[in-house]
Every structure is written in C-alpha cells, then in structure tokens.
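Encoded as structure tokens, the structure appears first; notes follow it.
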Amino acid sequence: MNRKKSFELTEELHNKIISAAYGEANLLDKLRVMQAVAKNPDAKKLYASYMWTAAEVKQIKEENFTNDFVSRLTQENIPAAKNNNSFIYDFLSIVFARPIISSVTTIVLIASIAAALILNKPVQSSYNESEILQAREQAKYAFTIVDNIFKQTNLTLQNEILGEKVTKPIKESVGIVNNLLRGEKNETN
C-alpha cells in the first residue's frame with residue numbers, strides 16, 4: 001500500500017471532509033476536518049467547494065411530478081431493507097474498516113491470551129535450541145497467516161463492499177439527478 005505524504009489528502013480524510021461539509025459527520029470527524037482545513041490549503045479548498053455544493057443542494061426545492069413519473073420511479077428503484085442492528089454494524093465497521101484498529105485489537109487479544117497462558121502455567125526451562133527455533137518458525141508462520149487474512153479482508157472491504165454497495169448507488173443517484181436536471185434545462189430552452 002502506498003503511503004500518502006503529509007500534505008496529500010487521503011481518501012478517508014476526503015470522505016470526512018464531504019461528510020462534514022454536508023453536516024453529516026460526527027463531532028470527532030468534524031474536529032479532525034477542521035484541523036486538516038487549518039493546516040492544509042488543499043483541504044481548505046476542497047471543504048469550501050463541498051460547503052458551496054451542500055448549500056446549493058439545500059436550495060433545491062421539491063417539485064410536483066405526475067403520478068406516472070413517480071410510480072415508474074418507485075418501480076425501478078426498489079428501496080433497500082433497513083438494518084436494525086446498528087450497534088453490531090457500527091462495531092464491525094470500526095474494527096474492519098480501519099486496519100490499524102483491527103491490527104491493534106488482534107495484537108492485544110493475542111498478547112492477553114499469551115499472558116494468561118504464561119501466568120497460569122508453571123515455568124518450564126527444559127527447552128532445547130531446536131525446540132526454540134521450531135517455535136519461532138511456527139510463530140512467524142502464524143503471523144504470516146494473520147497478516148494475509150487482514151490483507152484479504154481489507155481488499156474485500158474496499159473492492160466488494162465499498163465498491164459495489166456504496167459507490168454504485170451513489171453513481172446511480174447522481175445519474176438520476178443529472179437526468180432530471182438535463183430534462184428541466186431542455187424544457188426551458
């Protein structure tokens with residue numbers, strides 16, 4: 001994974017800037033955005049742009065459409081089922097959407113299990129050097145497996161969940177709005 005330089009905007013910060021500009025971010029994210037805006041001129045320009053867009057979107061008034069148009073629109077766009085397990089979803093999104101938090105959680109879990117096993121077991125110092133080398137290799141292998149699982153989970157989240165279930169509906173919604181706006185312009189011209 002390529003690391004961003006301190007003056008470049010990460011995708012996560014970009015998304016937080018959008019949420020803050022539209023007034024949908026939580027308090028902690030708003031504070032982070034304000035801190036980034038104060039330090040980074042690119043972030044400031046981006047935030048100002050989204051604030052302007054949000055203000056323009058809020059000015060759009062509801063219009064009355066014919067029943068035929070509304071029924072056609074509701075038939076083509078089936079609403080998604082509402083998720084009632086918000087606490088579980090929020091917890092899982094915190095753990096899996098941020099690889100650093102999930103890595104720290106795993107390390108703390110493994111360390112606590114190892115500490116519990118060491119403290120509850122009498123000390124045995126009858127290990128020879130070959131057993132120590134074998135244990136070291138097994139530990140490296142286990143950490144390699146855990147690392148691969150985290151990488152695979154991160155790729156799955158980015159490609160399948162965010163790519164298909166977040167980006168696709170947003171693109172469709174923007175396309176519908178664009179078509180509606182183009183239709184209004186054609187009628188007035």
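General remarks:
- Greater than 30 Å apart at Cα, pairs in Lys61/Lys168; Lys58/Lys151; Lys39/Lys140; Lys39/Lys168: Lys58/Lys151; Lys39/Lys140; Lys39/Lys168
- Hits among aspartates and glutamates - C-alpha to C-alpha of Lys171 under 18 Å, sequence gap 8 or more where chains match: Glu11, Glu76, Glu160
- Electrostatic tally near Ser130: other residues with Cβ closer than 13 Å to its Cβ, Lys and Arg +1, Asp and Glu -1, net -2.
- Heavy-atom accessible area for Leu92, with the other protein chains in place and a 1.4 Å probe, reaches approximately 80 Å².
- Ligands, DNA and RNA left out, the accessible area of region 127-168 computed with a 1.4 Å probe is 58% carbon and sulfur.
The values are calculated or read from the model by the stated rules, or taken from the named source; none is laboratory data. Fair warning: this is a prediction, and the values are worked out from it, not measured in the lab. Reconstructed Cβ throughout: ideal geometry from the backbone, glycine too, with neighbour counts over all protein chains shown. Side chains included, ligands, DNA and RNA excluded: accessible areas come from the protein's heavy atoms. Shrake-Rupley method; radii C 1.70, N 1.55, O 1.52, S 1.80 Å.
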